[in-house]
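Working notes, structure below.
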Amino acid sequence: MSTAVLETENLVKVYGRGPAQFHALKGLTFEIHRGESVAIVGKSGSGKSTLMHLLALLDQPTSGVVALGGRPVSRLKPKAVSSLRNDTFGFVFQQFFLNPNQTVLDNVTLPLKIAGVGKSERNQRGIAALEQLEMADKAKNKATDLSGGQKQRACIARALINNPDVIFADEPTGNLDSATSETVEDILFTLHQEQGITLVVVTHDEDLAAKCQRRLMMQDGLIVEEQTGATPRPAQASAVSDRQQPENQTRRGRRLPFRRGGAK
Amino acid sequence: MRSVDVAKSAFGNTLRSKLRTFLTVIAIVIGGFTLTVTSGLSAGINQTVDDMLAGYGEEDQLFVMHASAMGMGEETGPGPQEYDPEVAQQSSEFGQAMLSEEDIETIADLDNVTNVEPIFFVSPDFLETSGGDQYTLETLDVPADGPAMELVAGDVPAREAMEITIPETWLTIYDADAEDYEDVDPQIALGETVEIGISNLVYEQETVEAEIVGVSAQNLAGIGGSPMPSYALNDELYEIQISGLDVEQPDAFIQAVADVDDLEANEQDIKDALADEGMVGLTLEDLLGIIQGVIDAIAWVLYGFALIALLAASFGIVNTLLMSVQERTREIGLMKALGMSSGKIFGLFSMEAVVIGLLGSVIGLAAGLAVGFTANALLTGGDGPLGGVGGLTLFALDPAALGLIAAVILVIAFAAGTLPAARAAKKDPIEALRHE
C-alpha cells in the first residue's frame, strides 16, 4: 500500500453554539492514499462538503487532526496553509467560478499568478494545460463565451496548472448534461490514472462515485459505509489496470480519450 | 502574487466598472484640481513678490510711518478724544496720523540710519511735451518707490537730477500712429524733455522742466502706474505746491524712507527704537509680506476647501470599493481557495484604491496646470485685464507642492481603501464561494 497523502484522526466539526449547535462531522478517522481516487458520497446535509473543506484546508476542524503527507497542518499559520493549498491542491467546482471578465488563459493561470510565477512562464504553462484539454484555441476567449463543458474543462486546466498532488472536485458534473458529464468524468479519471494525481470527488451522483476506487458513504456526519473497487459501466470496461487496485479498475486505451467532442 | 501582478490586476479591476470608477475619480479630480490651482496661484504671487524683492536688490531702506497709521498705535477707544493741537495739525486730509519734522529728526538720530527722506505727495496739473501737447497729470509716484519699480526701458531717475519716468501706457504720446502702447518702442521716449505744470496755494501755475529717463510698467503693488519724478524734481514741485501764501505751516509727511547701514543686522534694533517713538518701520519685504500674507491666507482657505472635497471623495472610494468587494465576493473566495493569502487580498484592494487615487491626482493635476497656465496667459497677457501689471505671474509651477499634493491624494485614497480591503481580506473562502 502506498503512503497516505491525506489522513484524518477523530475529525469533528461543530457549527454554532449552545442549543443551536450542529455537529456536521462526528469524529472521522480515515486515510486517502497517494494516487487514489476517492468519492465522498452522501445526501445534502450529510457533512460531505464540510469534510472536503477540512481536507482541502479551507476550514479548521473543531477538534481532530488533518495531516498532509504525514504532517499535521492544524498548527500552521494561515499564510503557510494558503501556500500549501496553492502548491498541492487543485480545485474543480460545480459552479466553475471562472472570472467572466478575463480570458480563458488568465483564468487558467490564476493559481500561478497567485504563486508569483512570471507572466511568460504562466502563459506558456497555461497554453500547455489548455492544449492537454483540447482548449488551446479558446485561450484568448472570454470565459463567458464558453459552453458548460468547455467551462468545466477550463476549470480542470486551472486545477492542473500547478501540478497538484490532489484534485478536489466538488460536484464537478452537477451543472452539466449527461453527455458532457461523461466527457468531464473521463478527463478527470484519465488524469488521475496517467498522472497519478489523487482525486477526491464529492458527489451525490452514484454513477460518478462508482468510477472511483473507493467510496466513503456519509450520513449525518459519519462514514456509514466504505466501498472499494470501481464498478465500471459495461460499455467502458475494456482493460484492467495494474496500478494500486488492479482487481476492478477500468483503463482507457487512448492517451487523450476525450477527443470525442462531447463537451459542448 | 508578485507586486507587479497585484498592481496590474488592481488597475484592470478598476477599469472593469468604468462608469463607477470614473464617477469616483471625478470627486478626487475636483480636490486635486483645486489644490493644484491654489498652489500654483500661491507660487505665482510669491514668485512675483520675490522677483520684486530681487529687483529691489541691496537697497537697505526702511519705510517709517506713524504707528497709528498702521493700526499699531495706542488703543484710544471709541469715545471722544482729548484735543491736542500738535497732533491735530499732523493729520492728513484722510485723518491719517502723519510724521512731523521732529519725527524725521528722531529717525535721523537713530544709530545706523544714514539718511532720511520724508515722503510727500505732490499733485501737479499737467505734463507738457516738447511739442506743446498737454496731458492731465494728477498723481505722481513717490521717488522712494524707485528701487521697486519695474522698468521696460531706461533707468530710475537720479536723485539730484531733474528727471522723470513715465508709465508704458503713456508711450502713445510719442507715436500718435500707434493704436496700442505695446506697439511702441519704449526707447523713443527716453531723452525727451517734458514740462510739468503745478499750481501753488493761490492757484498760480508754474512749470518745471524734466527729462524722461525711464519707462515703467505697473507692478503688483501699483508702483510704476504713474510718472515718477526724481527726489530733486519732487522737492522742487513740492516747494511750488506749498508756496504762494505768506504763512509758515508745519511740514507733515505720510511716511519717511530711512537708509540704514547693514539693514539685515540692525533691522530689529531700529524697529524697536522706532516703536519706542510711536513709529513703525517696515522694510519693502514687510510691505510686500502683507500682500503675501493675504494671498497665503486665501490659499489656505482654498486648500481647506480642497481637502474637504478630498475627504468627501474618500468616502466615495470607500463606497465604490465596498460595492466592488460585495460584487466580487466569489472571486475573492476563489482566490483565497487557490492559495492567495489575506495579506495579498488586502494589498490587491487597497491597491485598487490607490489606482483610483492615482487616476484622480493625475487628471486633477493635469487639469489644474492646464487651466492655471491658460488663465495666467489670458489674464496677464498683453490684452488681458491684468496685462498692464508689470512682472505679475498669477500661476507658477511648484514641483515640490505638486508632488506633495499627489502624495496627499494617494495617502487619502489608500486610507479610504483600507476598510473595504480589510473586509475583503477577512472573507471566509467557503462562505465567499457560496455567496450568490
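The values are calculated or read from the model by the stated rules, or taken from the named source; none is laboratory data. As the structure is a prediction and not an experimental result, all values here were calculated from the model. Cβ: placed from backbone, ideal geometry, glycine included. Neighbour counts: every protein chain shown.
A count restricted to the range B:260-284 and to residues that are crowded, with 16+ Cβ neighbours inside 10 Å and farther than 18 Å from residue B:102 by Cβ stands at 8. Residues that are in contact with a strand residue (DSSP E or B) (Cβ under 8 Å, 6 or more places away or on another chain) and surrounded by fewer than 20 Cβ atoms within 10 Å (Cβ to Cβ) within the range A:38-48 comprise just one, A:43. Entry remark, the range A:95-121: residues being β-branched (Val, Ile, Thr) and surrounded by fewer than 19 Cβ atoms within 10 Å (Cβ to Cβ) number 1 in total. Might you let me know whether the range B:196-204 holds any residue that is under 29 Å from residue B:242 (Cα atoms), within 31 Å of the chain's Cα centre (by Cα) and either among the β-branched types (Val, Ile, Thr) or surrounded by fewer than 20 Cβ atoms within 10 Å (Cβ to Cβ) (or both)? Taking every residue of the range B:196-204 in turn, none turns out to be under 29 Å from residue B:242 (Cα atoms), within 31 Å of the chain's Cα centre (by Cα) and either among the β-branched types (Val, Ile, Thr) or surrounded by fewer than 20 Cβ atoms within 10 Å (Cβ to Cβ) (or both).
Answer yes if at least one residue in the range B:425-436 is buried (at least 18 other Cβ atoms within 10 Å of the Cβ) and away from chain A (no Cβ under 14 Å), and no otherwise. The answer is no; no qualifying residue exists.
Can you tell me which of (1) at positive phi; (2) assigned to a helix (DSSP H, G or I) is the one residue A:163 doesn't meet? All conditions pass for residue A:163, except number (2).
For residue A:227, only one of the following conditions fails: (1) modelled with pLDDT under 50; (2) buried (at least 16 other Cβ atoms within 10 Å of the Cβ). What is its number? Among (1) modelled with pLDDT under 50; (2) buried (at least 16 other Cβ atoms within 10 Å of the Cβ), residue A:227 violates only (1).
Looking only at the range A:63-94, residues that are facing another protein chain (nearest Cβ under 8 Å) and either touching a His at 6+ places or on another chain (Cβ under 8 Å) or surrounded by fewer than 20 Cβ atoms within 10 Å (Cβ to Cβ) (or both) come to 5 in all. Scanning the range B:368-386 for residues that are at pLDDT below 85 and crowded, with 16+ Cβ neighbours inside 10 Å yields B:380, B:384.
Only residues that are assigned to a helix (DSSP H, G or I) and within 14 Å of chain B (Cβ to nearest Cβ) were counted across the range A:112-125, and they come to 9. Within the range B:4-25, if we keep just the residues that are without any contact (Cβ under 8 Å) to a residue 40 or more places away in the chain and of a type outside the set (Asp, Glu), the residue that is nearest to the other protein chains (Cβ to nearest Cβ) turns out to be B:16. Only residues that are farther than 25 Å from residue B:404 by Cα and touching a residue at least 40 places away in the same chain (Cβ under 8 Å) were counted in the range B:331-377, giving 11. Tell me, please, whether a residue that is within 29 Å of residue B:52 (Cα to Cα), outside any strand (DSSP E or B) and touching a Phe, Trp or Tyr at 6+ places or on another chain (Cβ under 7 Å) can be found in the range B:227-244. Within the range B:227-244, one or more residues are within 29 Å of residue B:52 (Cα to Cα), outside any strand (DSSP E or B) and touching a Phe, Trp or Tyr at 6+ places or on another chain (Cβ under 7 Å).
In the set (1) surrounded by fewer than 21 Cβ atoms within 10 Å (Cβ to Cβ); (2) modelled with pLDDT under 90; (3) not acidic (Asp, Glu), the condition left unmet by residue A:142 is number (2).
Pick from the range A:97-106 the residues that are within 10 Å of chain B (Cβ to nearest Cβ) and not in a helix (DSSP H, G or I): which of them is nearest to the chain's Cα centre (by Cα)? Ranking the candidates gives A:97 first. Whether any residue in the range B:107-127 is assigned to a helix (DSSP H, G or I) and either at pLDDT below 70 or among the aliphatic types (A, V, I, L, M) (or both) is what I want to check. Among the residues of the range B:107-127, at least one is assigned to a helix (DSSP H, G or I) and either at pLDDT below 70 or among the aliphatic types (A, V, I, L, M) (or both), which makes the answer yes.
Listed here are the residues, each with its yes/no results for (1) assigned to a helix (DSSP H, G or I); (2) modelled with pLDDT of 90 or more; (3) not acidic (Asp, Glu).
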residue: B:259; (1), (2), (3): no, no, no
residue: B:289; (1), (2), (3): yes, no, yes
residue: B:292; (1), (2), (3): yes, no, yes
residue: B:314; (1), (2), (3): yes, yes, yes
residue: B:330; (1), (2), (3): yes, yes, yes
residue: B:352; (1), (2), (3): yes, yes, no
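Each residue in the range A:31-62 was checked for being assigned to a loop (DSSP other than H, G, I, E, B), more than 13 Å from the chain's Cα centre (by Cα) and more than 14 Å from every other protein chain (Cβ to nearest Cβ), and 5 of them qualify.
Which residue is farthest from residue A:85 (Cα to Cα), if the candidates are limited to the range A:166-183 and must be hydrophobic (A, V, I, L, M, F, W, C) and either in a loop (DSSP other than H, G, I, E, B) or modelled with pLDDT under 90 (or both)? My answer is A:179.
Residues checked against (1) within 14 Å of chain A (Cβ to nearest Cβ); (2) within 30 Å of residue B:398 (Cα to Cα); (3) basic (Lys, Arg):
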residue	(1), (2), (3)
B:305	no, yes, no
B:308	no, yes, no
B:311	no, yes, no
B:325	no, no, no
B:331	yes, no, no
B:340	yes, no, no
B:351	no, yes, no
B:356	no, yes, no
B:361	no, yes, no
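Would you confirm, using the coordinates I've provided, whether residue A:4 is of a type in the set (Gly, Ala, Ser) and modelled with pLDDT of 90 or more? The answer is no for residue A:4.
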